[in-house]
Every structure is written in C-alpha cells, then in structure tokens.
1. For region 22-36, in order, what is each residue's ³J(HN,Hα) by Karplus, 6.51 cos²θ - 1.76 cosθ + 1.60 with θ = phi - 60°, in whole Hz (x at glycine and Pro)?
2. Sum up the charges of everything whose Cβ sits under 11 Å from the Cβ of TYR84, counting Lys and Arg as +1 and Asp and Glu as -1, but leave TYR84 out.
3. Report the Cα-based extents of region 53-93 along its three principal axes, largest first, to the nearest Å.
4. Which residue, chosen from THR36, VAL98, PHE66, occupies the Cα position most advanced towards the positive end of the dipole of the chain, where the dipole is computed from +1 (Lys, Arg) and -1 (Asp, Glu) charges on Cβ about the Cα centre?
5. If you roll a 1.4 Å probe over the heavy atoms of the protein chains, what accessible area per residue do you get for the chain, in Å²?
6. Would you calculate, for the chain, the mean residue ellipticity at 222 nm contributed by helices, counting each DSSP H stretch of 4 or more residues as -39,500 (n - 2.57) and dividing by all residues, to the nearest 500?
7. Can you give the charge dipole size of the chain about its Cα centre, rounded to the nearest 20 debye, using +1 on the beta carbon of Lys and Arg and -1 on the beta carbon of Asp and Glu?
8. Could you sort out which of LYS20/LYS44; LYS17/LYS55; LYS32/LYS118; LYS17/LYS44; LYS69/LYS118; LYS72/LYS118 sit more than 24 Å apart by Cα distance in this structure?
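The values are calculated or read from the model by the stated rules, or taken from the named source; none is laboratory data. Computed from a prediction, not measured in an experiment: that's the story for all the values here. For neighbour counting, all protein chains shown are included, and Cβ atoms are generated from backbone atoms with ideal geometry for every residue, glycine included. Heads up: the accessible areas ignore ligands, DNA and RNA and are worked out on the full protein's heavy atoms, side chains in. Shrake-Rupley method; radii C 1.70, N 1.55, O 1.52, S 1.80 Å.
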Amino acid sequence: MKQVFSRNWIRSKQPRKQRKYLANAPLHLRHKFFSTALSKELKKKYGRNSFPLRKGDKVKIMRGQFKKKEGKVVRINNKKIKTYIENIQLIKKDGSKVFYPIHPSNIIITELLLDDKKRKLALDRKKQNVTS
C-alpha cells in the first residue's frame, strides 16, 4: 500500500493495512467511520441499521466501563475517531474531570437529532428505497 491515501483500496486481511487506511484517511472521509448502530425502534422507523453519529444525538454505551449509560454526544474527534458523551467522565488525581473517549462501534443511537435538512433527506431516501 502506498504512503498516500487511496480511494481505490478495497480491503485487506492484514491489520497493518487496515490501520494504515484509517490513519491516512482525509478528514472529509472520516465522517463515514462514525457510522453507529441504531436502536431497534429507529431501525424499524427508518429501515436502516446504522447512521453517522453527530453532536447532539442521544446514545447508549454498549461496551466498556460505562456500559448501559446514556447521554448526549458533546463532541466528536475526527482525528482520533472518538466520541465524547455528557456525564461520561473520568476523575483525575488532581480532582478535575475529563470526558472519556469512546469509539463509535461501542455505541447505539437511541434518538437522532433531525434539525438538519441534509440529514433528514438522507434518512428519507433510504426509507423510500425500502418501501418501493
């Protein structure tokens, strides 16, 4: 695999190539890495299994030390492919609190923020394809 990011790269079994693909991906394509599973209700409603995560979405953590906790997405870090959720914090030794970074694959979206026209259209497009 070349040093530069390649859109033509399809897949590889080798973890080093998979890591390299993720690490070298440009920021405008990293948005796709934030696709997160939808809850059962949302799957039925919109006819799709996953949707890209966004600030303001309500989510439930499915893995790790904060398992089964819910909250709103406060921040998304495109560079590290991590999300930060309100009330999911670690207390440092000096007493200060910091948000705990969570990978999008360990999260389920329970409520979507639909104030964006573009996002609504993306959901409706999929819904129309399923019904026709």
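1. 5, 5, 8, 5, x, 4, 6, 9, 5, 4, 5, 5, 8, 5, 10
2. The answer is +4.
3. Answer, in whole Å and largest first: 27, 23, 16 Å.
4. THR36
5. Ligands and nucleic acids excluded, the result is 74 Å² per residue.
6. About -7500 deg cm²/dmol.
7. That gives a dipole near 540 debye.
8. LYS20/LYS44; LYS17/LYS55; LYS17/LYS44; LYS69/LYS118
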